[in-house]
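A.B. asks: Mind having a look at this structure? Questions to follow.
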Amino acid sequence: FADVLPVSCLLEEAVRGVETPVKAGTLECKATGMKWKPQPLLLRHGRFNQRVVLRPLEPGIPLPSFSHRHHSPHVLQPIAAIRDSPSGDTWRGSKCYLAFPFCQYGNLVEYVMTQKAMDVRLSARHAAMIARDVVLGVEGLLENDCEHSPAQVVSSIMPTKIFIALNGTAKVMAPINTGRPQSWRKMAMTMKWMSPEEVQDVPVERSNMWQVISYRVGLLLYCLGSQDAGIGHMVPNFVQDAPNPNQVDMSQCQQSGLLRQLVEECLRLGQLCVPPPRDILMSMLDAIIMG
């Protein structure tokens, strides 16, 4: 990893015009933050001069290699690793943290909940823009990520792994193995965002890649259009005892027109039970965005 930096390159954000250097041995607290939300810090070192958030790597987990850096504006990936040690020694007893660019609106769950708190409902145009960005982000990862399987990349299509930047661009977080075990709650949430192929443990390969991607995009659009139906936390509602796995309850979807049609086609609820081809899906999203 070319950019393993010391703690001294981090600063607390200015309070009353004063920026405070981050102390060695405090990065775990900064990465956890308040209510498990990482605290944004200023990274200043060489070419870096931006706000970042940190995510810890467990000891023994190798640093990711970014020989192929993603230049897509729709991909969120670490830009550097920060090495911290309670003793102040750069290497002895140290722990690494990955520095990600700070996305001001947080992940998609946080963004939707903030909008809902302000009594703002996402429009069909806004939902389509997010979905288009997600497709482009996943395609960028699939093209350039040599470390992760297609299944790992596609699993990033879920609200907690999609972040919204200040300019409104949606960014898909690159898969990172931090070495931290996943809680049962997160595992349950992950399963709710699986396509039928994933639920049935079918390997994600080139032959079925688009079916998996389009189904997850359909779930995303379904949730974005159903906030007033009790899905403010971006969790799909499923039909109980349905013959097909993860079959959503369309009575809860409040989208209409072309966007509702797209949701139904992505979720294979039409007569043909097949997803729209990639060019058709993107054209439909563009048509919704253009109004």
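A.B. asks: Could you calculate the FRET efficiency of Gln240 with Gln39 from 1/(1 + (r/R0)^6), where r is the beta carbon distance between them and R0 is 45 Å, rounded to 0.05?
C.D. replies: 0.65
A.B. asks: Hey, can you find the accessible area per residue of the range 92-152 for me, probe 1.4 Å, expressed in square angstrom?
C.D. replies: 46
A.B. asks: Assuming R0 = 45 Å, what is the FRET efficiency of Arg125 and Ser149, from their Cβ-Cβ distance, to the nearest 0.05?
C.D. replies: Efficiency at R0 = 45 Å is approximately 0.85.
A.B. asks: Which order do you get for Phe100, Phe163, Phe238 if you rank them by accessible area with a 1.4 Å probe, largest at the top?
C.D. replies: Phe238, Phe163, Phe100
The values are calculated or read from the model by the stated rules, or taken from the named source; none is laboratory data. Note that this is a predicted model, so its numbers are computed, not measured. Neighbour counts are summed over all protein chains in view; Cβ atoms, including those assigned to glycine, are modelled from backbone coordinates with ideal geometry. Calculation scope for accessible area: heavy atoms of the full protein, side chains included, ligands and nucleic acids excluded. Shrake-Rupley method; radii C 1.70, N 1.55, O 1.52, S 1.80 Å.
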